[in-house]
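Worksheet: one structure, shown below.
Computed from the coordinates by the stated procedures, all read-outs in this text should not be read as laboratory data. Note that the structure is a prediction, hence the values are computed from the model and not measured. All Cβ positions, glycine included, derive from the backbone under ideal geometry; neighbour counts span all protein chains shown.
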Amino acid sequence: MARMQRLLMNLFDGWFQLRRRFPSSLLDEMTTAIARGEREHRGEICFAIESRLSPGAVLDGLDARRRAQHVFAQLHVWDTQHNSGVLFYVLMAEHRVVIIADRGIAAAVTQDEWDAIRDHMLVRFGQGEWRDGCLEGIAEAHALLKRHFPGNDKAQPDELPDRPVLL
């Protein structure tokens, strides 16, 4: 995507849509879905939603993937006992979703598997089904994590916040 097009999208898109597409009731549902699913595996899911990037960041060449990497560090998604954090990053203005898994997860789950979840979410978002896109993406991530990182009989510590972060 051309830098000028990205700049215009970040100037005029996303900003007014954040609360409409992600009302507190949806954030509550997402929190519950994340917490419930984490009881079945050793992974930790963190969900971050950003309405847009600053014009300066776009002009400097910051894209959704690099921003997601910054957010991954900023929110300490890497700081889990088993290196089992997974970040869902949504950049509304550019209609981008990036899923980044920490090294413990990435050793067993391929990026292609995460990209398939991202693609399902983007289809739902494109249809205006933000709630379903988010909840289905979370459920698909839990299924992957349960398969590759099942829990044990002990309660797993909750190392990352379950409530989505609005940036």
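Non-local amide H neighbours of Glu44 (under 5 Å, H modeled in plane, Pro and chain starts lacking H): which ones?
HN-HN under 5 Å from Glu44: Gly85, Val86.
Based on Cα positions only, what radius of gyration and what Dmax would you give for the range 82-167, in angstroms?
Cα only, the range 82-167: 13.4, 42 Å (Rg, Dmax).
Suppose each label sits 7 Å from its Cα in the direction of the beta carbon; what would the Glu40-Asp158 distance come out to in nanometres?
1.8 nm
Out of Ala33, Gly85, Pro55, whose Cα points farthest toward the positive end of the dipole of the range 2-92 (charges: +1 Lys, Arg; -1 Asp, Glu; placed on Cβ)?
Final value for the positive-end residue is Pro55.
Taking the Cα centre of the chain as origin, work out the dipole magnitude from +1 charges on Lys and Arg Cβ and -1 charges on Asp and Glu Cβ, in debye rounded to 20.
380 debye
Once fully extended, how much extra length lies between Arg65 and Ala108, figured as 0.36 nm per residue of separation less the alpha-carbon to alpha-carbon distance?
Roughly 13.4 nm would be gained on extension.
Work out which chymotrypsin sites (Phe, Trp or Tyr not before Pro) in the chain are exposed loop sites (DSSP not H, G, I, E or B, at most 16 other Cβ within 10 Å) and give the longest gap free of them.
Longest gap between qualifying sites, sites excluded: 79-167.
May I ask you to derive the relative contact order of the range 3-166, considering only C-alpha pairs under 8 Å and at least 6 residues apart, and to give it as an integer percent?
Relative contact order, the range 3-166: 35 percent.
Looking at (i) 23, 20, 16; (ii) 27, 17, 14; (iii) 35, 18, 14, which value of semi-axes √(5λ) of the Cα gyration tensor in Å comes from a calculation on the structure shown?
It is the one labelled (ii).
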